[in-house]
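Remarks on the structure that follows.
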Ligand SMILES: CCCCCCCCCCCCCCCC(=O)SCCNC(=O)CCNC(=O)[C@H](O)C(C)(C)COP(=O)(O)OP(=O)(O)OC[C@H]1O[C@@H](n2cnc3c(N)ncnc32)[C@H](O)[C@@H]1OP(=O)(O)O
Ligand SMILES: CCCCCCCC/C=C\CCCCCCCC(=O)OC[C@@H](O)COP(=O)(O)O
């Protein structure tokens, strides 16, 4: 009986392997499906650990979440080469801004995430089952992107509390995923918070995924991602009138870095 099951298992694995070799679409779907499954299952196991260790919703849970997610890269043959970690060592809070290419960014995020740092996320993620629950427990700040006024109110609250709570805040200023190898124009929320709280902005840039990941072409292979944490940009003395300039400055620096890290000639 056991031998029968074993043979069936081997046959299914062989079939999947052949299908993956033959069809890029199957290969892509299975790899991405496995990625989702990892998040879903690992979240279910991590929720009770966070509750037992830290008792509820707190940024301290991010240390536990980070430890788990940092192992995922080995399943997909991804390598991260990180430069400039020392730039996170500013005294007190800061706003961290980075480019956002795909859901694979969650691995890159956890690879460099400093302690006591929460992320801003779209509120829809709160309802993603066990993943939503673990994100909630990690202290993530949820915003409604469809309502500028409510998102602005949440962001203003963040600007007020980040100094008292001494937390860093990680924002994806493109506001959505973008896997084109370039940057979308930046939204201004992150830069408003930085100016309101008078804290530095630390840009983080991940090289383009396009050589190993492209959902439109069913491409998802192993690969290396270069990450650079850039020097903090001070905002002391800036006012709301300077937010546009600050946004442009960050955008230009990050775009140049993205092209350099991705081996793409600048424009
Ligand atoms: C064990 C297993 C674990 C598994 C689990 C692991 C994962 C654990 C980590 C989870 C991590 C999740 C990561 C998710 C990642 C996303 O969900 S990305 C999507 C959500 N994030 C964002 O959207 C952030 C970026 N967006 C912004 O900052 C946007 O500015 C806002 C606040 C949403 C507003 O949106 P908007 O209205 O479309 O944007 P915008 O054109 O910037 O603003 C309109 C006007 O309001 C002004 N304005 C904007 N913000 C402000 C403000 N705060 N104050 C005053 N004025 C403002 C602007 O200046 C602008 O006015 P003008 O200058 O044009 O006159
Ligand atoms: C009972 C409900 C069950 C729902 C099950 C859903 C299972 C979800 C399982 C795994 C999700 C893994 C991904 C983890 C977090 C991904 C964060 C992310 O990258 O969000 C995208 C967001 O930045 C921008 O969104 P858009 O590009 O604007 O769109």
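Just so you know, all these numbers are worked out from the coordinates, no wet-lab data involved. Being a predicted model, the structure only gives us computed values, none of them experimental. Ideal geometry is used to build each Cβ from the backbone, glycine not excepted, and the neighbour counts take in all protein chains shown.
Kirkwood hydrodynamic radius of the stretch 190-252 from all distinct Cα pairs, in Å?
On the way: mean 1/r = 0.0723 Å⁻¹.
Result for the stretch 190-252 stands at 13.8 Å.
Counting each pair of different Cα atoms once, what's the Kirkwood radius of the chain in Å, rounded to one decimal? Before the final figure, lay out each step's value.
On the way: mean 1/r = 0.0503 Å⁻¹.
By the Kirkwood definition, the hydrodynamic radius is 19.9 Å.
Take each of the peptides 211-222, 130-141, average the number of other beta-carbon atoms within 10 Å over its residues, and list them starting from the highest. Mind dumping the intermediate values first?
On the way: 211-222: 14.5, 130-141: 20.3.
Output ranking for 211-222, 130-141: 130-141, 211-222.
Please state, rounded to one decimal and in Å, the Kirkwood hydrodynamic radius that the stretch 119-179 gives when every pair of distinct Cα atoms enters the mean of 1/r. Provide the component values of the computation, followed by the final result.
Values: mean 1/r = 0.0806 Å⁻¹.
About 12.4 Å, per the Kirkwood formula over Cα pairs.
Among 202-208, 164-170, 67-73, how do they line up by average Cβ neighbours within 10 Å per residue, starting with the highest? Mind dumping the intermediate values first?
Values: 202-208: 24.4, 164-170: 18.4, 67-73: 16.4.
Highest-to-lowest ranking by the protection proxy: 202-208, 164-170, 67-73.
Please compute the contact order of the stretch 2-261 in relative form: average sequence separation of alpha-carbon pairs under 8 Å and at least six residues apart, divided by the residue count, as a percent.
Numbers: 401 pairs, mean separation 63.0, N = 260.
Relative contact order for the stretch 2-261 comes out at 24 percent.
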